[in-house]
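The values are calculated or read from the model by the stated rules, or taken from the named source; none is laboratory data. Quick caveat, the model's predicted, so the values are computed rather than measured. Here the Cβ positions follow ideal geometry from the backbone for every residue, glycine too, while neighbour counts run over all protein chains shown.
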Amino acid sequence: MTSPARPVLLTGASGALGRQIARGLGAKGWSLRLTDIAPFPDPLPAGARFEAADLNDGVAILRLAEGCGTILHFGGISIDRPFEEVFGPNLRGLYHIYEAARRERARVVFASSNHSIGFHERSERLDDDCAFEPDCYYGLSKAYGELMGRLYWHKHGVESVLVRIGSCFPEPVDARMLATWLSYADLVRLMERAVLAERTDLAVIWGASNNARSFWGRDARARLGWQPEDSADVYAAQLAGKLSGDPVCERYQGGAYAANGYSRREG
Ligand code: NAI
Ligand code: 15L
């Protein structure tokens, strides 16, 4: 079984996706450093250790990253919240992650989000070079994170895999997720490839399973050697009619996040 040469740091380890990644990569016997502001709720995998830290604490992040070859950055505010809440973990915290990566010559795998492009209409099929169209302050922080990745690539040669995750849950729950769903198993396989790929340079990946109704097209997955194996299509009969009833939500890829607080007057 292939293991990375240097330990992997995982932020947001106590969150929904962090726990899946810790379990999946831990089961491969990888050396993992897990961190989160909240305690890790599961039994620690054999090769893992956990240390609590706040992403706002740059010294702690630098220390946690010492000797690591990859940082899987999943920590921070993960939903639509007011600017003041998003600012510390997602903007300042992101800077701490990239400074640590520069010091360690480590690769960053950043959990970006479809909400960085959420104001594209659902009728559009987007490639990885589409314009950012954030649909909330949270989505804006993900666009900032991707731009931070670009800055550190061009200026310092820090590699980044920028994963625009759609909807990563145990299963899709509405019609929109027939396009955006990413299975946990596809997520873990993507993380494995993002760590093990010999070179990624600056790679943008659409984090979705193999969904026929996807809004998204070309990306850099071939460079990583990743292909999703699951699909939301098997839920189509059950979910196709499960719409929100809100025209703004249904118009835009970001759905409810685009609609939340929407006050634009049409015409
Ligand atoms: P989550 O909210 O379950 O996990 C985020 C973790 O970050 C939590 O455990 C939380 O304690 C930690 N955290 C928050 N503030 C922190 C701070 N100041 N310092 C250290 N840790 C802090 O979210 P989930 O669903 O696991 O998402 C993980 C990442 O993936 C997030 O960055 C999210 O934006 C991104 N993502 C998730 C999607 C999904 O469908 N689950 C879709 C798109 C992106
Ligand atoms: C996200 O970015 C969130 O982290 C997640 O909770 C979902 O809301 C997801 O997007 C989505 O768009 O379904």
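Condition check ((1) more than 9 Å from ligand 1 (Cβ to nearest atom); (2) touching a residue at least 12 places away in the same chain (Cβ under 8 Å); (3) buried (at least 20 other Cβ atoms within 10 Å of the Cβ)) across all residues:
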residue: Asp36; (1), (2), (3): no, yes, yes
residue: Ala46; (1), (2), (3): yes, yes, no
residue: Ala53; (1), (2), (3): no, yes, no
residue: Asp57; (1), (2), (3): no, yes, no
residue: Gly76; (1), (2), (3): no, yes, yes
residue: Ala101; (1), (2), (3): yes, yes, yes
residue: Ala106; (1), (2), (3): yes, yes, yes
residue: Val109; (1), (2), (3): yes, yes, yes
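When restricted to residues that are part of a loop (DSSP other than H, G, I, E, B) and touching a Ser or Thr at 6+ places or on another chain (Cβ under 6 Å), segment 124-145 contains 2. Can you say whether Thr11 is at pLDDT below 95 and among the β-branched types (Val, Ile, Thr), as far as the supplied structure shows? In short, no. Please go through segment 16-29 and pick out each residue that is buried (at least 20 other Cβ atoms within 10 Å of the Cβ), touching a Ser or Thr at 6+ places or on another chain (Cβ under 9 Å) and not hydrophobic (A, V, I, L, M, F, W, C). Once the filter is applied, which keeps residues that are buried (at least 20 other Cβ atoms within 10 Å of the Cβ), touching a Ser or Thr at 6+ places or on another chain (Cβ under 9 Å) and not hydrophobic (A, V, I, L, M, F, W, C), segment 16-29 yields only Gly18. Residues in segment 106-122 that are closer than 22 Å to Gly254 by Cβ and more than 12 Å from the chain's Cα centre (by Cα): Ile117, Gly118, Phe119, His120, Glu121, Arg122.
Just one of Leu182, Leu190 is crowded, with 21+ Cβ neighbours inside 10 Å and touching a residue at least 40 places away in the same chain (Cβ under 8 Å); which is it? Selected residue: Leu182, the only one of Leu182, Leu190 that is crowded, with 21+ Cβ neighbours inside 10 Å and touching a residue at least 40 places away in the same chain (Cβ under 8 Å). Note on segment 1-105: enclosed strands (runs of 3 or more DSSP E) holding 3 or more residues that are away from ligand 2 (no atom under 16 Å from the Cβ) and either of a type in the set (Val, Ile, Thr) or over 15 Å from the mean Cα position of the chain (by Cα) (or both) are 32-36, 48-52. Among what's in segment 229-242 and is within 25 Å of the chain's Cα centre (by Cα) and touching a residue at least 60 places away in the same chain (Cβ under 8 Å), pick the residue that is farthest from His120 (Cα to Cα). Per the stated criteria, the residue is Tyr235.
Within segment 136-151, the only residue that satisfies the criterion of being away from ligand 2 (no atom under 12 Å from the Cβ) and either in contact with a Cys (Cβ under 7 Å, 6 or more places away or on another chain) or basic (Lys, Arg) (or both) is Arg150.
Residues considered: Arg213, Arg164, Arg176. Of these, the only one that is over 17 Å from the mean Cα position of the chain (by Cα), surrounded by 22 or more Cβ atoms within 10 Å (Cβ to Cβ), at pLDDT 95 or above and within 16 Å of ligand 2 (Cβ to nearest atom) is Arg176. One residue stands out in segment 158-210 among those that are touching a Phe, Trp or Tyr at 6+ places or on another chain (Cβ under 6 Å) and charged (D, E, K, R): the one that is farthest from ligand 1 (Cβ to nearest atom), namely Arg193.
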